[in-house]
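**Q** Please find one structure pasted underneath; my questions will follow.
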Amino acid sequence: MKRLFLQTTPLPLRTAVFFAVFLLLTAALFCLNLFVGSANISFGEAFRVFLGRSGGTTAASILLKIRLPRTIAALLLGGALALSGYLLQTFFHNPIAGPFVLGVSSGAKLTVALVMILVISSLHTVSSVVMILAAFAGSMLSLGLVLAVSQKVQRMSMLVVCGVMIGYICSAATDFIVTFADNSEIVNLHNWSRGTFSGTTMDNVKVMTAVVLLGSVGTFLLAKPIGAYRLGESYASNLGVNVRRLRMLLILLSGLLSACVTAFAGPVSFVGIAVPHIVRTVFRTSKPMVLIPACFLGGGIFCMLCDMIARTVFAPTELSISTVTAIFGAPVVIAAMIGRKRGDGHE
Amino acid sequence: MSDKCFITADDLAVGYKTPLIEHICFQVREGEILSLIGPNGSGKSTVLKTVAGYLRKHGGTVLIENTKDDCLSPNEKAKKMSVLLTERLRSDRMTCREVVETGRYPYTGHFGLLGAEDRRAVDEAVELVKMSDYQNADFGEISDGQRQRVLLAKAICQEPRVLILDEPTSYLDICHKILFLEILKKLAAEKQLAVILSMHELDFAEKISDYTVCIKNGAVFCSGPPADIFTPDTVCRLFDIPKELYAQYFLSSHR
């Protein structure tokens with residue numbers, strides 16, 4: 001019965017309904033993430049903290065210094081990751097593209113690890129901006145490699161294999177560096193290199209908000225040319241799209257967004273493919289004006305949910321975020337691949 | 001019919017890395033249809049792609065309404081010329097009407113939202129190609145014949161003055177070929193479009209064109225009004241068909 005309703009609903013209504021659902025889920029998960037955790041904080045206590053009536057207590061510092069920044073990070077970085085994947089899928093005209101499978105995240109991970117070790121050993125601290133820049137450089141390097149390969153092979157499957165290989169090489173190099181640079185300052189580098197939202201500070205949040213906002217608004221401003229570009233390059237250029245410029249912007253924005261994620265949370269797997277696929281299926285459209293905001297919200301929901309699972313299921317032991325996102329994300333990716341075979345079989 | 005040449009190719013040389021065909025000259029006036037014919041691989045698509053601006057010219061000029069095409073901005077050019085290619089259009093989850101709406105791209109604002117004028121143009125185009133029955137169907141799930149009509153509607157609602165079509169009828173059955181060409185003929189006349197198309201169906205090309213350019217072995221083989229071109233002699237020489245085979249396959253059937 002429900003399925004029938006969903007299939008026959010006209011598009012604008014359907015879009016409105018699902019946006020409302022997405023917004024509700026975002027709000028609900030945001031609150032849940034604040035209240036659920038190993039330290040038991042009652043609802044009333046939390047409420048007082050947010051009204052500013054019980055500053056200085058343990059509950060206040062757990063909520064404001066640990067859970068709040070972590071939840072915001074999951075929301076923003078999840079959104080950024082989904083958008084980054086959406087941009088790469090647009091670029092390659094293929095739903096199987098994403099920052100993790102194309103080795104972009106791992107490239108960023110390697111450069112961030114290198115910079116962290118070099119800078120921390122000399123200055124004992126490293127600013128978020130430097131980390132993002134390092135991650136951006138790494139993203140661009142591995143993406144450049146993938147693009148160079150894509151000139152030679154057109155098949156997406158080969159490109160993904162190549163991306164996964166680049167990912168393995170970078171991960172191996174990172175592990176090597178982390179293992180041999182074992183001093184006290186970079187102990188948490190090990191956790192970071194497996195992917196986690198923990199340890200995010202409010203200062204981190206400020207920087208990531210700025211970068212993610214820049215990347216997301218930039219993406220939204222490209223909604224019109226992206227809409228024409230989905231027809232294919234030739235048709236887009238006949239409509240007056242500057243295809244070269246658009247392709248470059250797609251790569252730069254995607255790199256910026258995934259670099260921001262890697263700089264703060266390490267590599268997070270499969271969100272970039274799974275979320276846009278779910279969003280396209282649910283909204284049944286390919287309109288960028290709908291998909292861009294929906295992907296952002298969807299990514300936030302997905303990561304907040306996964307992060308909650310990561311820190312509560314085996315509490316006090318935490319799972320790495322990629323462990324959880326892979327469990328939920330990888331099956332979706334497989335579904336996307338099968339759906340593509342069955343759907344418009346042409347490349 | 002006005003005497004204004006809407007699109008002119010003057011001593012045009014086309015090709016990929018090296019020039020493939022040189023010294024191409026033609027003019028298409030408003031309301032006229034020019035057809036390009038020639039054997040497979042002779043370079044018809046290359047000519048069309050160069051005129052449409054996808055390939056670099058190796059020499060010569062293309063004038064659109066007395067302006068060199070290089071002097072037009074991408075957006076200005078999009079308002080003057082639209083194309084229908086053999087390359088398949090990607091249409092991930094788009095309805096036919098959405099595909100038609102993309103033709104309004106050069107006219108909409110920064111976010112590409114359609115205004116009343118845009119909707120009117122889309123409605124008119126949908127009506128013209130008679131696709132209102134299936135305008136809400138998924139573009140990936142309709143027949144080839146319907147698909148070509150949707151693409152034609154998309155090209156029309158771009159409100160161009162020049163329409164370039166690369167083998168638009170090749171994969172259609174006879175009924176859809178006739179239907180498509182009828183719509184095209186009507187369009188050219190009513191909207192005063194200058195139409196350039198390539199095709200393999202000589203019988204149809206003869207009936208639909210005002211002027212024909214034949215291409216063979218890297219050169220313009222001959223050109224002229226259809227009455228001069230579609231003679232047994234010229235056709236046999238253009239396609240290297242032995243005379244007796246031509247007689248066997250063509251003359252008996254409809255001459």
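**Q** Please find, within the range B:139-163, the residue that is nearest to residue B:32 (Cα to Cα) out of those that are at pLDDT below 90 and acidic (Asp, Glu).
**A** B:144
**Q** Looking at the range B:44-90, which of the residues that are of a type in the set (S, T, N, Q) and either out of contact with any Gly (no Cβ under 8 Å at 6 or more places or on another chain) or more than 7 Å from chain A (Cβ to nearest Cβ) (or both) is farthest from residue B:122 (Cα to Cα)?
**A** The selected residue is B:61.
**Q** If you don't mind, another one. Mind listing whichever residues of the range A:90-100 are in contact with a Gly (Cβ under 7 Å, 6 or more places away or on another chain) and either within 12 Å of residue A:262 (Cα to Cα) or assigned to a helix (DSSP H, G or I) (or both)?
**A** Listed by number, the residues that qualify are A:99, A:100.
**Q** Something else about it: Quick check on my filter: what residues within the range B:162-175 are surrounded by 18 or more Cβ atoms within 10 Å (Cβ to Cβ) and more than 14 Å from chain A (Cβ to nearest Cβ)?
**A** B:167, B:168, B:169, B:172
**Q** Being within 14 Å of chain A (Cβ to nearest Cβ) and assigned to a loop (DSSP other than H, G, I, E, B) is the filter here; which residues of the range B:116-147 pass it?
**A** B:135, B:136, B:137, B:142
Here's the yes/no breakdown for (1) more than 30 Å from residue B:232 (Cα to Cα); (2) under 18 Å from the mean Cα position of the chain (by Cα); (3) modelled with pLDDT of 90 or more:
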site	(1), (2), (3)
B:104	yes, no, yes
B:113	yes, no, no
B:119	yes, no, yes
B:122	yes, no, yes
B:169	no, yes, yes
B:178	no, yes, yes
B:188	no, yes, yes
B:197	no, yes, yes
B:208	no, yes, yes
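**Q** Something else now. It is to be established whether one or more residues within the range B:96-106 are farther than 19 Å from residue A:289 by Cα and facing chain A (nearest Cβ under 9 Å).
**A** no
**Q** Separate question: Here are the criteria: (1) outside any loop (DSSP other than H, G, I, E, B); (2) among the polar types (S, T, N, Q); (3) surrounded by fewer than 24 Cβ atoms within 10 Å (Cβ to Cβ); (4) away from chain B (no Cβ under 14 Å). Tell me which single one residue A:262 does not satisfy.
**A** For residue A:262, the exception is condition (3).
**Q** Okay, moving on. Hey, could you check the range A:282-306 for residues that are β-branched (Val, Ile, Thr) and at pLDDT 90 or above and say which is surrounded by the fewest Cβ atoms within 10 Å (Cβ to Cβ)?
**A** Applying the filter and picking the extreme gives A:282.
**Q** Another one. Filtering the range A:208-250 down to residues that are of a type outside the set (Val, Ile, Thr) and not in a helix (DSSP H, G or I), which residue is farthest from the other protein chains (Cβ to nearest Cβ)?
**A** The extreme case among them is A:222.
**Q** Starting from residues that are within 28 Å of residue B:20 (Cβ to Cβ) and of a type in the set (D, E, K, R), keep the ones in the range B:218-251 and report whichever is surrounded by the most Cβ atoms within 10 Å (Cβ to Cβ).
**A** Among them, the one singled out is B:237.
**Q** Here's a follow-up. Tell me which of these residue A:205 doesn't satisfy, since it passes every other one: (1) in contact (Cβ under 8 Å) with a residue 12 or more places away in the chain; (2) closer than 24 Å to residue A:77 by Cβ; (3) within 14 Å of chain B (Cβ to nearest Cβ); (4) among the hydrophobic types (A, V, I, L, M, F, W, C).
**A** Only one criterion is unmet by residue A:205, namely (3).
**Q** Now for a separate question. What is the residue count in the range A:131-151 for residues that are of a type outside the set (Ser, Thr, Tyr) and more than 17 Å from residue A:177 (Cβ to Cβ)?
**A** Total satisfying the criteria: 12.
**Q** Are any residues in the range B:70-98 out of contact with any helix residue (DSSP H, G or I) (no Cβ under 7 Å at 6 or more places or on another chain), crowded, with 20+ Cβ neighbours inside 10 Å and farther than 27 Å from residue A:285 by Cα, and if so, which ones?
**A** Within the range B:70-98, just B:80 meets the criteria.
**Q** Can you name every residue in the range A:213-252 that is buried (at least 22 other Cβ atoms within 10 Å of the Cβ) and under 19 Å from the mean Cα position of the chain (by Cα)?
**A** Correct list: A:215, A:219, A:250.
The values are calculated or read from the model by the stated rules, or taken from the named source; none is laboratory data. Quick caveat: nothing in here was measured; it's all calculated off a predicted structure. Heads up, the Cβs are rebuilt from the backbone with ideal geometry, glycines too, and the neighbour counts pull from every protein chain shown.
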